[in-house]
Amino acid sequence: MTAPEPIRVFLVDDQQMVRAGFRMLVESQDDMVVVGDAGDGGEALQQLAVTAADVVLMDVRMPRMDGVEATRRLQATSTPPRVIVLTTFDLDEYAFEAIRAGASAFLLKDATPPDLLGAIRSVHAGDSVVAPSTTRRLLDHFAALPAPGAAPTDGRLSVLTEREREVLTLVARGRTNPEIAADLVVAETTVKTHIGRILAKTGSRDRVQLVVLAYESGLVSA
C-alpha cells in the first residue's frame, strides 16, 4: 500500500518569525508539508494561484490585504483550499467576518501545538468544529447580536425538510453528531446523512457555515 499524500499547508502571516515557527511545527509531522508562505493576503493569492494547497493558516490582521478579503477571494476560486483563521484576540470580529467569507474554523495564536495540528487534520478531513471552544465562541458572538425576526427569511431554508431543520437547529446549538442522534432517537449515520443533505441544499461548505446560516436566517435565536 502506498502512503497517503501529506496535507499541503500554506502559511499567511505578516510576521516572519511567526511563519517560521509554524513552518517548523508543521514540518515536524510526517503527514504534513508546507508548500509556501506569504506576508499578506495579496501575496498569498498570487502564490496560491500557482501553488496547490489543502489548508491555509490565515492571519486576519495584515497590511495591504487582510485575511478576511483574502479568504473571500480564495473561496471564489474553482478549487479553494480550506482556511483556518488565526487571531491574537479572542472573539475577534475579523475572525467572524472571515468565517462568513468562507473560513472553516479559527484558532487563537496561543493555541497549543497539538491543538493547531489537530485543527489542520480535522479541517482537511472535512470537519470544521475544531474544538468545543470554537463553537462556544461562535455562539457567544451570535448571542451578542440583536434578536432576529420571528420567522426565518433566508431562502436557503425553504428547501429543507422539517427533520433537516431540526438537525440544523441542533447543529447551531453546538450539538455533536452522537448528541443529535440521541436527541432525535436515530442512528448517528442517519444524522450524518441529514447533515450532508443540508450542506448540499444550502450550498454550505461545512458545519461552521451551517451555524452562521442558522443564526443569521433567524432559524435559531440566542
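Give me the net charge for the shell around T79: Cβ to Cβ below 14 angstrom, other residues only, Lys and Arg +1, Asp and Glu -1. With Lys, Arg at +1 and Asp, Glu at -1, the neighbours total +3. Under 4 °C and 1.567 mPa s, how fast does segment 39-91 diffuse according to Stokes-Einstein, given a Kirkwood radius computed over C-alpha pairs? Answer in µm²/s, whole number. Estimated diffusion coefficient is 116 µm²/s.
Report in % the part of the accessible area of segment 150-208 that belongs to carbon and sulfur, leaving out ligands and nucleic acids; probe 1.4 Å.
Percent of accessible area from carbon and sulfur atoms in segment 150-208: 53.
For segment 1-121, the fraction of 1.4 Å probe accessible surface lying on carbon and sulfur atoms is 54 percent.
Tell me, what is the percent relative contact order of segment 1-120, built from C-alpha pairs under 8 Å that lie six or more residues apart?
22 percent
The values are calculated or read from the model by the stated rules, or taken from the named source; none is laboratory data. Because the structure is predicted, anything quoted here is derived from the model rather than measured. Because the Cβ atoms are built from the backbone with ideal geometry, glycine has one as well, and the counts that use them run over all protein chains shown. Areas reflect the complete protein model, heavy atoms only, side chains present, ligands, DNA and RNA absent. Shrake-Rupley method; radii C 1.70, N 1.55, O 1.52, S 1.80 Å.
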